[in-house]
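Quick notes on the structure that follows.
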Amino acid sequence: MKENISINIGGVADFVSLEELAAHTRQSLRHLEAVLSRTGAGNDFLGWVNLPEDIAPQLSRIESMAKHLRSISDTTVVVGIGGSYLGARAVIEALSHSFSHFSKDKTHTILYAGHNVCEEYIYDLLEVLEHRNYSIIVISKSGTTTEPAIAFRLLKDQIERKYGKAIAGDRIVAITDATKGALRSLAELNGYETFEIPDDIGGRYSVLTPVGLLPVAVAGYNIKELVEGARVAMQFTRGNKEPEKNPALIYATVRNILLQAGKSLEILVNFNPKLHYFAEWWKQLFGESEGKDGKGIFPVSVDFTTDLHSLGQYIQEGQRILFETVLSIATTPAKVKVPFEKDDQDQLNYLAGKQICEINKSAESGTVIAHNEGGVPVISVNIPALNAYYLGQLIYFFEMSCAISGYILDVNPFDQPGVEAYKKNMFALLNKPGFEDAGRILREKIKR
Ligand code: PA5
């Protein structure tokens, strides 16, 4: 039997007693039950709970579409923002060669658009695409989000000029709501292939729908393995009512006990930069789910050992308001050893013959102990290997933990009302019809 991801809370022992943990974890079970019985806040957005099973009938179509896009193009631009972007990027970057654009095995390049409104970014992208044979996957659940809509307007214009409208239409796939939104109408009008985002799955919980799976499949990775990992995690989180043996219950509980003890900032730590975007996905998941009603743990992330030379000082000795969750990967394919040098001018011969990953592991263990002794509680998530299967497990584990944690906090973990505030101001400042009065008020404020 394959090993599963697991959680190690040895690094919180000085901050959380076993009795406290046991009592709180029993209470958390109530919140898991609310998720499963669909009785908690936001219960019309629980489609992700069964998704690893429910998505199975769609996998073949997603794979065929990926094969088609790979056969007609060497590059795919994935257009989307937030939950319509981060999950795909998290998985693709975690599985890709560190220098994928230069890798000799590279068969297909994924580029991203619509996740900012930076003119230089889109200008540079359009310039690059002039010389690429490309397709587009445009993703927006609402179909009306400004950033991807602007990017898609520009890309559509360019791809139609490059290939002609009919051929361009065959190179564009839209992933959106089944019936509503401008993107749905646009897709129908232009005859694009489409995939649906179910009504009951919010953006940040949508990575295991076509939103995440199609880009991952186009990048050449095994979506069946990813979904299988999630399915197994569904069993050991959703199906596991034994509080001490359910890592999602323990993680959700521990982070909330730490919050009550004044640890209001959680740092997701990796020692492999391929997990950088996984942390971006995690930040959105927890940040949007919990940060409301004046509550929530502020989620941040670091790439170690890089950031040990920037934020490391603060983590070790700054305000004691933080805790760390370390993504700890057990095995790395053995590829590079430190060579022996006769003269030992750099005095590194004490490392000669060691794998780089062994050195990294020592950095990890040393860091965990140092931070812990400096007053930082540390939770470790043990990941047997960095592959699609365990990424699937991690995704589901964090999704379930986040839902339970949101309920512990007594917030609705499935809405994001606060995201509208900046949009309203931006629309007003851009004179969007209907926002004229608000625009006048804002311009006055800016003058002042
Ligand atoms: O989690 C969410 O719901 C958001 O981050 C959305 O995914 C994001 O705002 C993009 O929305 P849409 O897919 O409607 O373009």
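Figures for the structure shown
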| item | result |
| --- | --- |
| Per residue convex hull volume, Cα atoms of the range 42-97, in Å³ | 127 |
| Percent of Cα pairs exceeding the 43 Å cut-off, where the set is the chain | 17 |
| Whole-Å distance, taken between Cα centres, linking the range 149-182 and the range 322-368 | 47 |
| Residue-count net charge about S206 - beta-carbon cut-off 12 Å; Lys, Arg +1, Asp, Glu -1 | -3 |
| GluC sites (Glu not before Pro) lying in DSSP loop within the range 335-397, provided at most 13 other Cβ fall within 10 Å | E341 |
| Anisotropy class of the range 346-396 from Cα gyration tensor, a/c 1.5 cut | oblate |
| Euclidean distance between Cα centres, the range 12-77 to the range 215-287, Å | 9 |
| Too-long pairs where the Cα-Cα distance tops 27 Å, listed order kept, from K141/K292; K292/K423; K180/K423; K106/K337; K274/K424 | K274/K424 |
| The range 99-114 - phi-based ³J(HN,Hα) in whole Hz, Karplus 6.51/-1.76/1.60, Gly and Pro as x | 10, 4, 5, 10, 5, 5, 8, 5, 10, 8, 9, 10, 10, 10, 8, x |
| Cβ-based exposure ranking for M1, M426, M400, in which fewest neighbours within 10 Å come first | M1, M426, M400 |
| Derived scalar couplings ³J(HN,Hα) [the range 123-139; Karplus, 6.51 cos²θ - 1.76 cosθ + 1.60; whole Hz; x for Gly, Pro] | 4, 4, 5, 4, 5, 4, 5, 3, 9, 10, 9, 10, 10, 9, 10, 9, 10 |
| Phi to ³J(HN,Hα) by Karplus 6.51 cos²θ - 1.76 cosθ + 1.60 over the range 164-180, Hz, x for Gly, Pro | x, 4, 5, 5, 4, x, 6, 9, 10, 10, 10, 10, 7, 4, 5, 10, 9 |
| Sequence-separation-based contact order of the range 49-224, relative, with Cα cut under 8 Å and 6+ spacing, percent | 32 |
| Rounded, prolate or oblate (a/c below 1.5 giving rounded, otherwise prolate when a/b exceeds b/c) for the range 277-407 by Cα gyration tensor | oblate |
| Three-way shape label, the range 49-224, alpha-carbon gyration tensor, a/c 1.5 | rounded |
| The chain - percent relative contact order, Cα under 8 Å, separation 6 or more | 24 |
| Label-to-label distance, nm, for residues given as K423 and E242 (7 Å Cα→Cβ offset) | 4.4 |
| Within-13-Å neighbourhood charge of S142 [Cβ basis; K, R +1; D, E -1] | 0 |
| Long-range amide H partners of A113 with built H, under 5 Å | V78, V79, G80 |
| K263, K141 arranged by Cβ crowding within 10 Å, fewest neighbours leading | K263, K141 |
| Sequence of F304, F340 once ranked by neighbouring C-beta atoms within 10 Å, starting from the fewest | F340, F304 |
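Throughout, read-outs are computed from the coordinates displayed, never taken from laboratory work. Values in this document were obtained by computation on a predicted structure and should not be read as measured data. Methodologically, a virtual Cβ is constructed for each residue, glycine included, from the backbone with ideal geometry; neighbour enumeration extends over all protein chains shown.
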